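The values are calculated or read from the model by the stated rules, or taken from the named source; none is laboratory data. What you see is a predicted model; the values in this text were computed from it and never measured. In this analysis, Cβ positions are derived from the backbone assuming ideal geometry, glycine residues included, and neighbour counts consider all displayed protein chains. For the accessible areas, the whole protein counts, side chains as well, though only heavy atoms, and no ligand, DNA or RNA atoms are used. Shrake-Rupley method; radii C 1.70, N 1.55, O 1.52, S 1.80 Å.
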Amino acid sequence: MDFALTEEQTEIRDLARRIFADRVTQERLKEVEAGREGFDRALWKELGAANLLGVGLPEAAGGGGYGFVELCLLVEEAAAAPAPVPLFPSMVLAALPVAEFGSEEQCGRLLAVAEGEACLTAALSEGTDLRARRESDGWNVQGTAETVPYADSAIAVLAPARTEDGAVGVFLLDPAAARLERQDVTTGEPTFRMTVDALVSPHDVLAEPPRGAEVLAWTVGHAIAALSVMQVGTAERALRLTAEYTSGRDQFGRPLATFQAVQQRVADAYIDTLAMRWTAWRAACRLAEGLPAEEELTVAKFWASEAGARVVTAAQHLHGGMGVDVDYPLHRYTKQAKRIELLFGGATTQLSRLGELIAR
């Protein structure tokens, strides 16, 4: 599989990299983190104005007409920044499945988020427990969704719900009609418990039961690939910070980077990062080409979880006390890596899935 970028893909990556380098400064991150919203709306609008948010969406829906690979390039750069915007929940977890499975009306109404004036999100965490019951004029959806990112800013929340017989439907819920309770998470991302008791009209049903299971599996597969790519951006930036720090920090009259034990630790982290990159992009490219990717996704997420944790742990250790200083940027990558590690199952979960696939 050829992972070389096309000229257009290189331009998309470089444009995103320039915007994030200019806008996601340490000073700006501290401003956003000090605020209650935790969302850089100016950056979100700038990404929309640069036609970056819609790179993975079809032109008919107001997108760039590219594809999943281009969207993954964008989320990798966002993770490396790290940019305080709802790129993953809005464009990967919600906009992609709406573009793939939504009606023309749903696409026209919701995918305007690519302009950067609004955002979407999804309720896909393990703690989500939503039940759906058919009514004469739609579906009654009740229950609680845990850790829904950016729910207070979203215009719609993509959420799966089960019927009494266990079939899955996927619905587009209005967060304004739900009760939202702020939940504090280590990354500082605005996250909410969403309590729902609403009648969902047919216009807001993305997939009726039992077709929702197919939509959910498709969404989770693309989410895992995007997360694995994001972990590459996270690990590479943490490793770069470590290389710069150990090269400039002297101990016993010489730079830390000249000590063999430090070199070995950094070399191991570099090899881990290369393995993460290869497996993540293999999974993403197979999805983009419409090829089966169940094994590739499992392998990619295993490396993202296992190796990602090793890389940021090495970075923390090699920074010593500086690594826990919140005025220094490394702590953001450590927190982000832990979040990515656990979303949709950590390393042990992925190994279990891989074993099932091999046995099958």
(Q) Explain nothing, just the number: relative contact order of the chain, from Cα pairs under 8 Å at least 6 residues apart, as a whole percent. (A) 14 percent
Q | Residues in the stretch 45-68 that a label on Glu8 would reach, taking backbone N under 13 Å of a point 7 Å out along Cα→Cβ | A | 55-60, 63-68
Q. Out of Ala49, Thr246, Pro202, whose Cα points farthest toward the positive end of the dipole of the chain (charges: +1 Lys, Arg; -1 Asp, Glu; placed on Cβ)?
A. Thr246
Q: Summarise the accessible area of the stretch 1-136 (1.4 Å probe, protein heavy atoms) by the percent that is carbon and sulfur.
A: 45 percent
Q. Say we join alpha carbon atoms closer than 10 Å with springs in a Gaussian network model of the chain; which of Glu70, Glu289, Glu236 then has the biggest fluctuation?
A. Glu289
Q | Most positive-pole-ward Cα, Leu297, Leu354, Thr334, against dipole of the chain from beta carbon charges | A | Thr334
Q: List, in order, the whole-Hz ³J(HN,Hα) value for each residue of the stretch 83-96 obtained from phi through the Karplus relation with A = 6.51, B = -1.76, C = 1.60 and θ = phi - 60°; use x for Gly and Pro.
A: 8, x, 9, x, 5, 5, x, 6, 8, 8, 6, 10, 5, 4
Q | Per residue accessible area of the stretch 240-360, 1.4 Å probe, in Å² | A | 53 Å²
Q: Considering only DSSP beta bridges where both residues belong to the chain, give the percentage that are antiparallel (nearest 5).
A: 90 percent
Q. Which of the GluC sites (Glu not before Pro) found in the stretch 87-180 are in a DSSP loop and have at most 11 neighbouring Cβ atoms, other than their own, within 10 Å?
A. Glu126, Glu164
Q: May I ask you to evaluate 6.51 cos²θ - 1.76 cosθ + 1.60, the Karplus curve with θ = phi - 60°, for each residue of the stretch 314-319 and list the ³J(HN,Hα) values in order in whole Hz, giving x for glycine and proline?
A: 4, 4, 4, 4, 6, 7
Q) Based on Cβ point charges of +1 for Lys and Arg and -1 for Asp and Glu, what charge dipole magnitude is obtained for the chain about its Cα centre, in debye rounded to the nearest 20? A) 1060 debye
Q: Between Arg23 and Asp137, with labels modelled 7 Å along Cα→Cβ, what's the label distance in nm to one decimal, could you check?
A: 4.1 nm
Q.
Of Ala176, Ala99, Asn140, which is farthest towards the positive pole of the stretch 62-177's charge dipole, taken about the Cα centre with +1 and -1 on the beta-carbons of Lys, Arg and Asp, Glu respectively?
A. Asn140
Q. FRET efficiency for Lys30 and Ala176, Cβ-Cβ distance as r, R0 = 25 Å, nearest 0.05?
A. 0.25
Q.
Taking 41 Å as R0, compute the FRET efficiency from the Cβ-Cβ separation of Glu37 and Asp165 and round it to 0.05.
A. 0.50
